[in-house]
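Inspection log for the structure reproduced underneath, given as structure tokens.
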Amino acid sequence: FDSFAGDDGTLYDHLLAQVGERFSGIEAMVAEQIVALIDEAGYLRADLAELAQRLGVPLALVEAVLAGVQSFDPSGVGGRDLAECLAIQAREADRYDPAMATMIAHLDLVAKGAFPQLKRICGVDDEDLADMIRELRGYDPKPGLRFGGTATQAVVPDLYVRQTAKGWAVEVNSGTLPRLLVNRRYYTELAKDAAAKSKAWLSEQLAGANWLVRALDQRQRTIVKVASEIVKQQEGFFLHGVAHMRPLTLRQVAEAIGMHESTVSRVTSNKYLSCARGLFELKYFFSSGISATEGDGAVSAEAVKSRIKAMIEAEDPKAILSDETIAQKLSAEGHDIARRTVVKYREAMGYGSSVQRRRQKALAG
């Protein structure tokens, strides 16, 4: 089942389910009307005063309910323009300080790249401005588009990895390979009565077909060679799990098997490996290293992500861990990691900020 992409349903259904969890009575009715007016990108395209008049309720009530809808998942939904959408996400991420608020209010300057002017009006230096722009680019300008109801597609593995008495066996899934045969009988029939010029052309075509067959066979051998080296380098993962993944780069694999780095990159793109632990893209096994605070060596970024995930999954609803606390715990375990790196990894895994998680667990409780 892990090889299938889940169907998230429509944005309307997703928001409507949250209305039932958050509101009741007249507020629920107003919230349902607001949700119905949110477009597929997640923006509210309606005039609140007109909506209040049509529903026969105070404008203040509509505004209060909208504030609640804007706290729904996905973060940024219900914004009436890009600036409000980004501001909602900045608040959820606990990044909406005066400097960020000023930058969001001047998105036209961001688009123009008017950085000296932005530094002056936001009151920040070069480093802070660059950091704020990175944060801003990490937000989703169209949060509703992730709910498209697209067709579910199965991921077919290109390789199978299994442990044998003699070590690890890497096998190509023959079902994913192109089937190509050269019809030599057809060539013989055509060449029998062909003129000299035609025979030369036929020979050229046959040579091209034979070259293609050899190229596909070489490609298959290259994929197995690269995958075998990945298994060798990441044996700890295959034996014990993600916590034992090592930092690994394309260059390391390329040097180990005597190939160019670009060849390894091309071979591992959109290729999947199936093993006892599940289905993984080959690119998954390449990750940067996090240096250790004690001793030599480093640990894979994926291993650190796994530890962050375990901390978040196990946290007490009454004592949600902040990013700073997670960074301190990782440091105590021997991982030299900054708070901002924790934020990046947490968001990449789809976990909300401590504020969002506290709200979600409160609702679940």
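The values are calculated or read from the model by the stated rules, or taken from the named source; none is laboratory data. Worth saying up front: this structure is predicted, and the values here are computed from it rather than measured. In this analysis, Cβ positions are derived from the backbone assuming ideal geometry, glycine residues included, and neighbour counts consider all displayed protein chains.
List of remarks:
- Failed criterion for residue 321 (all others in (1) touching a Lys or Arg at 6+ places or on another chain (Cβ under 9 Å); (2) part of a loop (DSSP other than H, G, I, E, B); (3) at pLDDT below 85 hold): (3)
- Filter result (in contact (Cβ under 8 Å) with a residue 40 or more places away in the chain and of a type outside the set (Lys, Arg)) within region 308-340: 308, 312, 315, 317, 320, 334, 335, 336, 337
- Among the residues of region 21-44, those that are outside any helix (DSSP H, G or I) and either in contact (Cβ under 8 Å) with a residue 24 or more places away in the chain or among the aliphatic types (A, V, I, L, M) (or both) comprise 23, 37, 38, 39, 40, 41, 42, 43, 44.
- Those helices (runs of 4 or more DSSP H) of region 156-253 in which 2 or more residues are of a type outside the set (Val, Ile, Thr) and modelled with pLDDT of 85 or more occupy 196-233, 235-240.
- Residue that is modelled with the highest pLDDT [pool: residues in region 329-360 that are of a type in the set (S, T, N, Q) and more than 25 Å from residue 130 (Cβ to Cβ)]: 356
- Filter pass, residue 57 being touching a helix residue (DSSP H, G or I) at 6+ places or on another chain (Cβ under 7 Å) and modelled with pLDDT under 90: yes
- Residue within region 133-145 that is farther than 30 Å from residue 89 by Cβ and assigned to a helix (DSSP H, G or I) present: no
- The set of residues in region 48-86 being more than 35 Å from the chain's Cα centre (by Cα), assigned to a loop (DSSP other than H, G, I, E, B) and on the phi < 0 side of the Ramachandran plot consists of 57, 58.
- Test result for residue 302, at pLDDT below 80 and part of a loop (DSSP other than H, G, I, E, B): no
- Residue ID - nearest to residue 20 (Cα to Cα), chosen from residues in region 85-110 that are touching a residue at least 12 places away in the same chain (Cβ under 8 Å) and charged (D, E, K, R): 92
- Selection status of residue 61, farther than 30 Å from residue 25 by Cα and in contact (Cβ under 8 Å) with a residue 24 or more places away in the chain: no
- Test for residue 141: is it at pLDDT 85 or above, within 24 Å of residue 344 (Cβ to Cβ) and either in contact with a Cys (Cβ under 7 Å, 6 or more places away or on another chain) or outside the structural domain of residue 234 (by TED's automatic domain parsing) (or both): yes
- In region 106-130, the qualifying residues are those that are among the small types (Gly, Ala, Ser) and under 28 Å from the mean Cα position of the chain (by Cα), and the one that is nearest to residue 352 (Cα to Cα) is 130.
A quick yes/no check of all residues on (1) surrounded by fewer than 18 Cβ atoms within 10 Å (Cβ to Cβ); (2) in contact with a Ser or Thr (Cβ under 9 Å, 6 or more places away or on another chain); (3) of a type outside the set (Lys, Arg); (4) under 20 Å from residue 142 (Cα atoms):
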| site | (1), (2), (3), (4) |
| --- | --- |
| 11 | no, no, yes, yes |
| 31 | no, no, yes, no |
| 36 | yes, no, yes, yes |
| 56 | yes, no, yes, no |
| 67 | yes, no, yes, yes |
| 87 | no, no, yes, yes |
| 118 | no, yes, yes, no |
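- Within region 258-273, if we keep just the residues that are assigned to a helix (DSSP H, G or I) and touching a residue at least 12 places away in the same chain (Cβ under 8 Å), the residue that is nearest to residue 238 (Cα to Cα) turns out to be 268.
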